[in-house]
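Please treat every number below as a calculation from the coordinates, not as lab data. Computed from a predicted structure; not experimentally measured. FYI the Cβ positions are ideal-geometry reconstructions off the backbone, even for glycines, and counts take in every protein chain you see.
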Amino acid sequence: FLGKRRTREDESKLPLLDMKVGDLHGVPVIVRETTTIQEAVVSLFLENVGHLIVTDEQGRLAGIVSRKDLLKVTLGNATASSMPVSFIMTRRPNIITVSPEDSVLEAARKIIAHQIDSLPVVVPAETGEEGDVKVVGRISKTNIIKMLLDTIAEE
Ligand code: ADP
């Protein structure tokens, strides 16, 4: 039904509309701010992901580092591999996140609007600091497409 014009009846069947991020998200791959760029590249390959979520020593979200971020800094700069990922990561407050209670539709919209591959799933951290969040998962384009395919297969 995804390709056809949607009726009101179809709307209730669209899983994106009523499914929550908390029902779908996967396990985040997390590194510390002090992790070196070399270690980060190794983690990308070992974990088979496109980006790493960076947290501080208290487990609070600090940033995110993607394939392109790593490629950019290492190209033509051999000494870069020993630098910490915190030098090159995209930092809070510029990180786009979702919470487990958000709809999958909301997550999909954020991914497309910001032209990124995935979002950290976060909840408020118990630090008392305004805006501090801890990471409980990640939701990616792949998660969402897989869920849509599973739904179609069930029909
Ligand atoms: P890739 O580098 O593999 O193409 P993306 O397209 O997801 O990965 O990342 C593009 C840029 O956006 C990178 O600089 C990355 O740090 C940043 N980025 C990735 N995910 C997020 C996010 N959830 N919030 C903010 N910035 C992000």
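Compute the normalised compactness of the chain: alpha-carbon radius of gyration over 2.2 N^0.38 Å, N being the residue count.
The reported ratio for this selection is 1.17.
With the highest mean first, a sort of the peptides 73-80, 91-98 on other beta-carbon atoms found within 10 angstrom per residue produces 91-98, 73-80.
Need the full-extension length gain, D23 to N77, defined as separation in residues times 0.36 nm minus the C-alpha distance. One decimal, nm. Stretched out fully, the D23 to N77 stretch lengthens by 15.2 nm. Partner lysines whose Cα lies under 30 Å from the Cα of K20, excluding those fewer than 8 positions away in the same chain, are identified as K4, K68, K110, K134, K141, K146. Each Lys or Arg adds one and each Asp or Glu subtracts one; over the other residues with Cβ under 15 Å from the Cβ of G26, this totals 0. Evaluated with a Cβ-only charge set (Lys, Arg +1; Asp, Glu -1), the stretch 76-129 carries a dipole of roughly 280 debye about its Cα centre, given to the nearest 20. Between the beta carbons of E106 and I30, assuming R0 = 25 Å, the FRET efficiency works out to 0.65 to the nearest 0.05.
Could you work out the relative contact order of the chain? I mean the mean sequence separation of Cα pairs under 8 Å and 6+ apart, divided by the number of residues, in percent.
28 percent.
Taking the DSSP beta bridges with both ends in the stretch 25-115, the antiparallel portion is around 75 percent. The stretch between H114 and L46 holds 21.8 nm of extra length on full extension. This uses 0.36 nm per residue minus the Cα-Cα distance.
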